[in-house]
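Undergrad: So that we are looking at the same thing, I have put the structure below in structure tokens.
The values are calculated or read from the model by the stated rules, or taken from the named source; none is laboratory data. Bear in mind the structure is a predicted one, so any value in this text is a computation, not a measurement. Don't worry about glycine lacking a Cβ; one is built from the backbone with ideal geometry, like all the others, and counts go over all protein chains shown.
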């Protein structure tokens, strides 16, 4: 058990350092998935399987999908296609794949051990977790929801096309038509 804990900890630290140091956001997100999986393995080795499953489902699943969506919204332009071709090369996937393979082997070793003497798992009902989450920690839960919503709205605002239309009647086509009408009126007045 301690070997699995320390190996998962080292992988979590390495993957988190790789998240911080990567230039491309997709590379950083791949390492972030590995970091979340390593933290889930740490929780599993400490005897908290419910928290480990929540870590995988919520963070490695839902939050990563949200972050990929935000990255996709921000990567607008013609250079995106060439960047994606570079990102999909096998050399990009080697690091995260190796770290995830080590975590998978740790989980297999952990599950193959027949004795649970080191784990000492005390069962916690989902109802108890839900009551404590929505009773004692409701403010933190709502603040996290607001923070995620603000991030999505901010990314949508940054990612939208920047057209300088003050009003739908002031678009270029309408302005050109108005200018032509004004010139016609001026010509008729001058004649």
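Undergrad: Where in region 104-191 are the helices (runs of 4 or more DSSP H), entirely inside, with at least 3 residues that are modelled with pLDDT of 80 or more and closer than 26 Å to residue 72 by Cα?
TA: Qualifying helices (runs of 4 or more DSSP H): 138-159.
Undergrad: Could you tell me whether any residue of region 52-65 is more than 17 Å from the chain's Cα centre (by Cα), in a helix (DSSP H, G or I), modelled with pLDDT under 85 and exposed (fewer than 15 other Cβ atoms within 10 Å of the Cβ)?
TA: no
Undergrad: Pull up region 10-27, narrow it to residues that are within 20 Å of residue 155 (Cα to Cα) and touching a residue at least 40 places away in the same chain (Cβ under 8 Å), then point me to the one that is surrounded by the fewest Cβ atoms within 10 Å (Cβ to Cβ).
TA: 24
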